[in-house]
Structure formats: C-alpha cells, structure tokens
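Here the structure is laid out as structure tokens; the discussion comes afterwards.
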Amino acid sequence: MDIAVDSYGETRATELALFKASIEETIEWLSLFGADASGGVTRLLYDASWQEAQSTLAQRMLQLGLEVTFDEVGNLHGILKGSHSHTGAIVTGSHIDTVVHGGKFDGTYGIAAGMIAIQHLWKQYGRPKRDLHIISFCEEEGSRFPLAYWGSGYITGRYSLAQVPEAHDLMGISLLEAMTAAGFGAGTNSPKLVPEGIHAFIELHIEQGAVLEQEKQAIGLVQGIVGQKRLTFEVGGIANHAGTTPMTMRSDALAGVAEMIQEVEHRAKAYGPPLVATVGSLEIKPNLTNVIAGHVTFTLDARHANSSELAVFCEALITGFDEIALKRNLALSYKEWMDAAAVMLDSGLTQQVEVICQRNKLPYRQMFSGAGHDAQLMQSICPSTMIFVPSRAGISHSSEEYTSSEELAVGILVLKDLLYELAYHEH
Ligand SMILES: [Zn+2]
C-alpha cells in the first residue's frame with residue numbers, strides 16, 4: 001500500500017516537473033507578442049501583436065497534432081478528435097487579448113495549460129473518447145472596444161455576425177472594420193461550434209485576487225461568478241463662500257457624499273462576504289479650496305454572488321443615502337447603468353475538481369470569482385467550471401502580475417486529471 005502511494009507520488013512529481021518547464025517556456029514565449037516597455041504585455045483585439053500571437057499559437061497547435069481552425073470572428077480552435085466524437089466535446093480555453101500594459105498570465109495561462117495538458121494526455125493515453133477541444137477566445141477584456149466577451153458571445157449566441165455590435169475603438173475604427181482588416185468576418189467559411197456539440201467547458205485561470213495566497217491554498221474551485229451593479233449618483237447642494245457661510249447654514253454636497261461613502265463601507269462590512277462595494281470615482285464642482293461643493297457625482301460598484309441579495313443591499317443602501325440627503329438638505333438622484341446577473345457554474349464539475357484535489361492532497365477552497373470570465377457565457381450553453389491558481393499579492397492587469405511556475409504546474413495537473421476523466425472515461 002505504501003509503495004503504491006509512493007510510486008503515485010513520484011509519478012506526479014515527475015509530471016509536475018515537466019509541466020513546470022513547459023509552462024515557463026510557453027508563458028515566456030507568448031509574452032514576447034505585444035511585449036511593452038513597462039515589462040507587461042499589450043495585445044488588443046485584432047491588432048498586429050494579437051494576430052501574430054493567435055497565428056503562432058495555431059502553428060503550435062498543429063505541431064501538437066490538433067486539427068486547427070479559426071472561426072468567423074477569429075476564435076482559434078484546436079481539436080484532438082475522439083473515437084466517439086458525436087458524444088460532445090470537452091472544451092477548455094481562455095483568451096490572449098490583454099488590457100493595456102497587462103500581465104503575462106491573465107488568460108494566456110489557461111490556453112498554455114490546456115495545450116500542455118492535452119499534449120500529455122495524448123502521449124500517455126492516446127486518442128480520447130470525446131473530442132478534446134481548446135479555444136483561444138478572440139476577445140475577453142473589452143480593452144480595445146467597449147464590449148467584452150465578443151468571442152465567447154459569438155459561440156454562445158449572445159452576439160451574431162448578422163448584427164455586429166456598434167462599437168468603436170479610440171481611433172474611431174469599428175469592430176466590424178477591425179475584424180475584416182484582420183481577415184475575419186462573415187463567409188470566411190469556417191465551421192461553427194454548435195452548443196449541442198459541447199459536453200463541458202473548463203477554464204483554468206489565475207485568481208486575480210489574494211485569497212488563495214493568503215490562505216495558502218493551491219486551487220480555487222469556482223462556484224460562480226458574481227453579479228455586478230454599477231450606478232452613478234448625483235448629489236446637489238449649494239455652492240457658497242467657505243468663509244462667510246456658518247456651519248449650520250450649509251448644503252455641502254461633498255460632506256454629504258463623504259457620509260454616504262462611509263455608509264457604503266459600513267453597510268458592506270456589516271453585510272459580510274462575498275459582498276463588496278466600492279466608490280471609485282468622484283467629480284466635485286466647483287472643486288475649489290474656498291468654495292463649498294455645490295455638486296458631486298460619484299460611482300458605486302457593488303458585487304455579490306447572489307443577484308437578489310445584491311439588489312436588496314443596493315436598495316437599502318439607497319434608502320440610507322436618501323436619509324443622509326434629507327438630513328443635510330441635499331438633492332439626490334441616481335442612474336443604474338449596469339446590472340449583470342450572477343452566474344452559478346456547474347456544481348457537478350466543481351465536485352469533480354474537489355475530488356481531484358483531495359486525491360492529489362492539494363489544499364483547496366470553494367470561492368466566487370469577483371471578475372467576469374468567458375466561462376460565464378459558456379455556462380449558458382453547457383456545464384462549465386473554472387479552476388483558479390494563486391496570484392501573488394492578488395495583483396492583476398499589471399506587469400506585476402505573477403504566479404510561480406510550481407503553482408501554475410499544479411493547476412495543469414488538476415486540469416489534466418479533469419480532462420482525462422471527462423474525455424477518456426465518460427461517454
Ligand atoms: Zn482573463
């Protein structure tokens with residue numbers, strides 16, 4: 001019995017060493033495309049470095065022996081055909097577009113890891129039963145165009161080529177123009193991935209938060225992706241002389257907003273996790289040292305794993321704002337301009353990942369993703385899950401983004417085990 005455990009451990013150690021070397025090489029190689037002076041990476045949808053990265057990735061997928069295609073919008077697909085193809089594919093993937101001066105790991109890790117896992121599965125076990133399918137989604141961040149999830153949105157039917165959303169980049173170039181210039185668009189004669197053809201979707205990603213690192217966990221099992229509300233509040237007072245207006249005779253919009261911000265923090269802390277609420281932007285008028293603020297605009301970003309709890313929290317908060325405004329003789333109005341529902345990922349898949357962690361004696365925890373991902377769109381057409389690995393100090397969307405190769409390798413091991421169970425065992 002002991003021998004069996006030992007030999008199992010040794011095999012895994014060898015495997016981890018191989019994953020570690022491969023992931024280091026692949027991440028560094030991909031970070032050359034769009035490398036910028038900040039030490040980070042800038043690859044925006046359909047720009048030259050993005051195109052170069054997608055097409056060299058395609059070549060690597062070909063070298064691995066995958067069938068490689070681009071679809072009409074530019075998602076890159078690599079497929080290892082299974083012996084029971086008709087039973088639906090096991091799809092993994094992420095994105096290689098970045099924010100401006102982004103990090104090397106966000107998105108890229110999921111694609112690099114998927115390729116490494118599939119390569120090892122093929123070497124070790126040969127042809128799977130189900131197709132193993134990897135996708136490099138053509139856009140996730142929404143950093144060039146004010147539109148996120150264009151690639152997964154196309155696959156899941158949220159967006160269509162018949163109605164390309166009206167979105168323009170900072171240069172005034174439309175999404176349609178940029179897509180056409182990169183050689184994609186309607187009629188490029190590529191096969192479309194149909195939802196019925198997908199059995200499950202798995203996205204491996206860095207956490208982009210500091211929870212796993214602080215709790216010394218190797219793996220985050222992502223139960224769902226939080227719902228988000230974003231609102232803008234307008235608070236009107238009376239701009240007046242800072243010297244001649246007695247303290248009892250003021251309608252100070254900024255002092256009122258200061259109290260409202262305190263209220264946000266106080267209520268959010270009292271509500272408890274996973275609720276988070278942030279006032280991140282303030283605009284003060286006239287914004288002068290010697291004038292009482294007459295008008296303040298501020299934003300609220302509130303997130304929770306449960307959409308109805310999020311709604312209850314925001315309603316109560318606004319009632320609190322109303323009371324502050326009334327007490328201080330201020331006018332209050334607001335506009336909600338974003339209300340994205342929370343998405344629960346597939347609990348069956350989460351449990352499967354949990355068993356894999358237990359079997360490999362990996363410390364893990366369940367968690368919600370506070371950021372949006374392609375997986376939330378994929379969940380609308382097939383059972384989907386996400387696996388997180390730690391992010392150093394929780395830093396992301398920055399050249400400081402970092403996860404050690406050891407931690408990345410552990411994520412690949414879990415992904416490989418899950419792909420094995422789904423593609424080789426079940427049918
Ligand atoms: Zn990402």
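Annotations for the structure displayed:
- Residue among Ala325, Ala293, Ala331 that is farther than 28 Å from Val222 by Cα, surrounded by 16 or more Cβ atoms within 10 Å (Cβ to Cβ), among the small types (Gly, Ala, Ser) and in contact (Cβ under 8 Å) with a residue 60 or more places away in the chain: Ala325
- Residues in segment 144-163 that are among the aromatic types (Phe, Trp, Tyr), under 16 Å from the mean Cα position of the chain (by Cα) and in a helix (DSSP H, G or I): Trp150 only.
- Only one entry of Ala331, Ala393, Ala316 meets the criterion of being assigned by TED's automatic domain parsing to the domain that holds Tyr154 and either among the hydrophobic types (A, V, I, L, M, F, W, C) or touching a Ser or Thr at 6+ places or on another chain (Cβ under 6 Å) (or both), and that entry is Ala393.
- Annotation: of all residues in segment 13-48 being of a type in the set (Ser, Thr, Tyr) and out of contact with any strand residue (DSSP E or B) (no Cβ under 8 Å at 6 or more places or on another chain), the one that is surrounded by the fewest Cβ atoms within 10 Å (Cβ to Cβ) is Thr14.
- Filtering segment 194-215 to residues that are without any contact (Cβ under 8 Å) to a residue 40 or more places away in the chain and either among the β-branched types (Val, Ile, Thr) or within 16 Å of the ligand (Cβ to nearest atom) (or both) leaves only Val194.
- Residue match in segment 251-270 (condition: part of a loop (DSSP other than H, G, I, E, B), in contact (Cβ under 8 Å) with a residue 12 or more places away in the chain and not assigned by TED's automatic domain parsing to the domain that holds Glu401): yes
- Residue match in segment 58-71 (condition: within 16 Å of the ligand (Cβ to nearest atom), in contact (Cβ under 8 Å) with a residue 40 or more places away in the chain and not in a loop (DSSP other than H, G, I, E, B)): no
- Segment 72-94, subset crowded, with 18+ Cβ neighbours inside 10 Å and without any contact (Cβ under 8 Å) to a residue 60 or more places away in the chain, residue farthest from the chain's Cα centre (by Cα): Leu80
The values are calculated or read from the model by the stated rules, or taken from the named source; none is laboratory data. On a predicted model such as this, the values are computed, not experimentally measured, just so you know. For neighbour counting, all protein chains shown are included, and Cβ atoms are generated from backbone atoms with ideal geometry for every residue, glycine included.
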